[in-house]
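Working notes, beginning with the structure itself.
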Amino acid sequence: MKRTTFFKILTLVYIIIVGVICFAKFSSLPTIPGKFLGLDADKVVHFLLFVPFPILAYFSFPLDRQHFLLTLGAIVLIFAIGAGIAGLTEYVQGRLPYRTMDINDYKADLLGLFFSSMLVFFIRVFTRRSNNV
């Protein structure tokens, strides 16, 4: 199995899991505690929920790593798609009778996307093959 196929499958599984977590009605599960390391635990969960997306999506495609601007454009596009998915999940949650829409959840989602997009960017920068070798 090619690396890109493996990551495409992982990305699809990840999106399904995010959908289940965001839209399912979990009445029997315990609630999230109020604070985690001084931060609202719900926001930490939202942050962590969206961290994997840019990493999985980036490695799902055979990008030519010699073209820095194309790679940067891909990372920005992946971030934008992730932001769209995060916004859509919050919008749908606002329409469900057992969920609520919260702009601060969306902000935490964006922060997670931004963090991992920067991680992917720095991985790309520091693992780039030098043309001088």
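Bear in mind that the values in this text are calculations on the coordinates, not laboratory data. Because the structure is a prediction, the values reported are computed rather than measured. Note: ideal-geometry Cβ built from the backbone for every residue, glycine included; neighbour counts use all protein chains shown.
With a Förster radius of 22 Å, plug the Cβ-Cβ distance of I15 and T100 into 1/(1 + (r/R0)^6) and report the FRET value to the nearest 0.05. Efficiency computed from Cβ-Cβ geometry: 0.50. At full extension, F6 and L111 could sit 35.2 nm farther apart than now, given 0.36 nm per residue minus the alpha carbon distance.
Based on the convex hull around the alpha carbon atoms, the stretch 3-126 presents an average projected area of 8.5 nm².
Within the shell defined by Cβ-Cβ distances under 11 Å, the residues around E90 carry a net charge of 0, with Lys and Arg each +1 and Asp and Glu each -1. Annotation: extensible slack from L48 through A80 equals 9.8 nm (criterion: 0.36 nm per residue apart, minus Cα-Cα distance).
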